[in-house]
Amino acid sequence: MADLRCLICNRVNDASAERCWYCRSPLPVSSDTPASDAQEKIPPSFSDANEELRTGEKPPDDAIEQSEEEVPEWLARIRELKAQEEQVSRQGSDRGPGADQPPEWLPNLSRGELDSIEKDQVQKALIEDQESGENASAETSFRDSVARPVTGEGVAAKDIEAFGDPGAADTTHPKSAAQGEQAAEDEAKKIVEPVFPIPVDDLPDWLSEEPDLIEKITSKAQKLATTAPPHDEDELEKGALPAWLKTLRPLEAVVPAASEQEIPSSTDQEGVLAGISGTLRSIDLEGRQINPALNPHDLVVTPAQQANVDLLNDLIHPASSTSLTQPVLNKKMGGKKFLKAFIAIVMLLSALLPFLNQSFQAVIPELFPKEVVDAYGFIQEIPAGKPVLIAVQYEAGLAGELAWASEPVIENLVSRGIPMAVVSTNVSGYAILEEQLRRAFTNDSNNQFEEKVINLGYLPGGTIGLISLVRDPREAVPFSTALEPAWESAPLENVAEISDFAAVLLLTDNPEILRAWVEQSGRAEIPPPLLAVVSAQAAPLVQPYHDSGQIRGFIAGSSGALSYQMIRQVPGKASSTFTSYQLAVLTAALLIFLGGVVTLINTAGTGIKQKGGG
Amino acid sequence: MTFNTEIVWLVISFILTLAVFSFLLGDNPFFRFVSALLIGITAGYFTVVIIYQVLLARLAVPLLQGSRGTLLPLLLSGLLLMKLSPRLSRWGNPPMALLIGVGAAVAIGGAVLGTLFGQVKGALAFFDVAFSQSGSSRALIMVEAVFFLLGTFTTLFYFHFSARKVKGKEPRRHWSIGALSSIGKVFISVTLGAVFAGVLTATITALVERADFLVTTITAWVR
């Protein structure tokens, strides 16, 4: 089966194809196809062309004319364009002497402005090139010295070859050198003139009325053409970057091998991640820290910035930052270890001593914080049957502190028989709190944990989970931790919305969690009153929310719990351990103060030494 | 002493507490064991909670009850899982975009409505309270309100980093902004000091709580 050639794009297609693969035009029917069927489908013009292809004979002229009359307009246009292209290429291949004559537009462009060009500039450039001793022709010299600066893109050289005098363009042409130079000079005029200045004859009316402007442009163009230094086409002027940008280089640009380094997958041998493989180790990071090769003169570093850099360097390379010798360094490191151990032992003793020796007596605060008093007052006003939602999110590491801080509040709620629902926005929170609640109920014989408490478990989704809880608590936490319908249980049977809770009591060590609760619970139609039990570290950041009235009250840390217990006049863990807590805090404050004094003395001593030495 | 689970847990807690404290003597196998134990138990516990509290309670049970509303989250979760495969990871982009977009919108909306407006209202409330009082208490509350306002303004000015560029000199802030930011720096320092003190007291509380546990346990055994 023979291949088919497309009539439009003249490309070969498979014989079975009906349309051209390339231009999607209908293909002529193959000779193998039954003629009767195919002839019916294709238009007469295609069939004629196909016939011509098959037989190789040219149809008579009248037949061609007839077929041209019948072809559609689009096809005729394509054919016409193709014919023009072929004609041009044929003319190009066998171009005669007359074909190399410049086109009509070139003399027109240069007309009328020859007098205004400073010819000596071009001649000077030509003479300079001749003096340089290069064996280039006048045309080549012209390209290098004049044409490129004028055009700026090196296009003029091509123009010369395409449209210029062949005698000037080709040094091998049998013409005398003088004739060549003259021709090159003429050519230079022709090339320079069309570009600069602008041909005044072709200017629009509005511009031709501004002779001063034209003159200005012309003179500027000439100046550019003559004064611009010759440079290589590929050579670009370097940009003047600001210092800070110069310093921002990709690491690969400075150290090519850096990007190829890979952190080896290994197992840590020491530290808190010991025994765990695939961790990002600090030793690997040190290896990857490469100082980029920068010019230090480009980067302006203030003394404060340099001090910060030194501090960071000390943290990353504690041993290498100093210029001490190894024995001195070992001694210093040993001293640091001793100091660390000393501080730890002192702190441990200060925490243990009050338990062992009952003679220590803490100074009990007589004034209670306003936020604790507010929290107590609010809890006392909660109706007995109305449930409280206890929301928990704290890390296990601070469970001890929060257990002590929340103990008096939970005991107060339990003693008043207030139903409670527990929900946790982190995974571990609800389990820790459930244990604490069970302990609180064991001390109270009047109420049972199962009757008063429902554990709603973990609420996933972070802030979005909070929104869903605020909008529709029944849908947000449908089941208890025992996978039973939570809202059918006794504590929650009368709760349909978040505002049906008497209060939301938040237990957290993170002020951000409290902020999220404040923000999201405020979206409810009737926002529930918020109370909080927070870690001491969150207290300064929680205080503004109490001052603005967004939370009704809060208890912060052990001291807050002590105040609550004193208001209730029921002792607890916070009061029994307050002596130990106070002594440990005082010891820590004393150690910090002593450390500050020692540092001050050391700094002063170093300063005096430097002054004495200098 | 009768054998019960509480005593077992007490002994385990005691030993683990001592193992953690052993880090004071430097890195050692006991501390490493406790660290590994904590990480392992936490991972296992998280898995169990996620299965029971999320997958079963919020996905399987509603699906079994015929809830069609769970299908969309299921589909999105499935698409999100495709992030695990480099070839299919682009299918995880829509749920990821949804998560990030919704999360950002919720956070911004909450911050503006909850914190920004709430704190502005709170700052004005000081003056409101001051005007409702009379006598010396009014003056005191007024002083407090002005002090709060000064702290808020100067702290905000501290974070005003724009500077005027002068030829041949380093860019400098206007002297008035510099003065206000210096006052703001004092307020920020006090705040950071308070936060540091809070962190210290929280840590000391944890230490005291563990010390109390050790003493209580030993005392119970001795008796």
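Computed quantities for the displayed model
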quantity	calculated
Centre separation in Å (Cα based) which lies between the stretch A:399-432 and the stretch B:144-223	29 Å
Inter-label distance for A:L81 and B:S22, nm, one decimal - labels placed 7 Å from Cα along Cα-to-Cβ	8.7 nm
Dipole moment magnitude, nearest 20 debye, the stretch A:370-574 about Cα centre, only Lys, Arg, Asp, Glu C-beta charged	360 debye
The stretch A:495-506 - phi-based ³J(HN,Hα) in whole Hz, Karplus 6.51/-1.76/1.60, Gly and Pro as x	9, 10, 10, 5, 6, 6, 6, 5, 6, 10, 9, 9
Paramagnetic reach from B:R173 in the stretch B:120-159 [backbone N under 13 Å; point 7 Å along Cα→Cβ]	B:153-159
Normalised alpha carbon radius of gyration of the stretch B:1-61 [divisor 2.2 N^0.38 Å]	1.60
The stretch A:515-548 residues near the modelled B:V120 label - backbone nitrogen below 17 Å, point 7 Å along Cα→Cβ	A:519, A:548
Three-way shape label, the stretch B:1-142, alpha-carbon gyration tensor, a/c 1.5	oblate
Estimated inter-spin distance, B:V186 and B:Y52, nm [label 7 Å along Cα→Cβ]	5.6 nm
Of B:L192, B:F159, B:V143, farthest towards positive along the dipole that unit charges on Lys, Arg, Asp, Glu beta carbons give the stretch B:133-223	B:F159
Virtual spin-label span in nm between B:V143 and B:A194, 7 Å along Cα→Cβ	1.8 nm
Full-stretch length increase - A:S89, A:V12 - with 0.36 nm per residue and alpha-carbon distance subtracted	25.5 nm
Cross-link pairs beyond the 25 Å C-alpha cut-off, checked among A:K386/B:K121; A:K340/B:K185; A:K336/A:K609	A:K386/B:K121; A:K340/B:K185
Note, ³J(HN,Hα) from phi for the stretch A:530-545, Karplus 6.51, -1.76, 1.60, rounded to Hz, x at Gly and Pro	10, 10, 9, 10, 10, 6, 4, 6, 8, 4, x, 8, 8, 3, x, 6
Other protein chain Cβ atoms within 10 Å, averaged over every residue that makes up A:536-548	6
q = 0.23 Å⁻¹: log10 I(q)/I(0) that the Debye formula gives for the stretch B:133-223, counting C-alpha atoms only	-1.06
Percentage, to the nearest whole number, of Cα pairs in the stretch A:370-574 over 27 Å apart	20 percent
Order by protection proxy (mean Cβ within 10 Å, highest first), peptides A:405-414, B:163-172, A:452-461	A:405-414, A:452-461, B:163-172
Top positive-direction residue, dipole computed over the stretch A:370-574 with Cβ charges, set A:V533, A:P387, A:A421	A:V533
Rounded FRET efficiency, nearest 0.05, which uses the C-beta distance separating A:I592 from A:Q358 and R0 of 41 Å	0.90
The stretch A:455-527: projected area of the alpha-carbon convex hull, averaged over directions, in nm²	4.8 nm²
Shielding by other protein chains, A:464-472, mean Cβ within 10 Å	1
Per-pair calculated FRET efficiency, R0 = 25 Å: A:A482 and B:I41 via Cβ, rounded to 0.05	0.70
Full-extension gain in nm, B:L150 to B:R90, via 0.36 nm per residue minus C-alpha separation	16.5 nm
Within chain B, helix-based [θ] at 222 nm, where runs of 4 or more DSSP H residues each add -39,500 (n - 2.57), nearest 500	-24500 deg cm²/dmol
Using a Förster distance of 30 Å, the FRET efficiency for B:W9-B:A105 (Cβ separation, nearest 0.05)	0.10
Residue mean of other protein chain beta carbons inside 10 Å, B:189-201	5
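FYI, it's all coordinate maths here, none of it is from the lab. Everything numeric in this text was worked out from a predicted model, so none of it was measured. Every residue, glycine among them, receives a Cβ derived from its backbone with ideal geometry; neighbour counts consider all protein chains shown.
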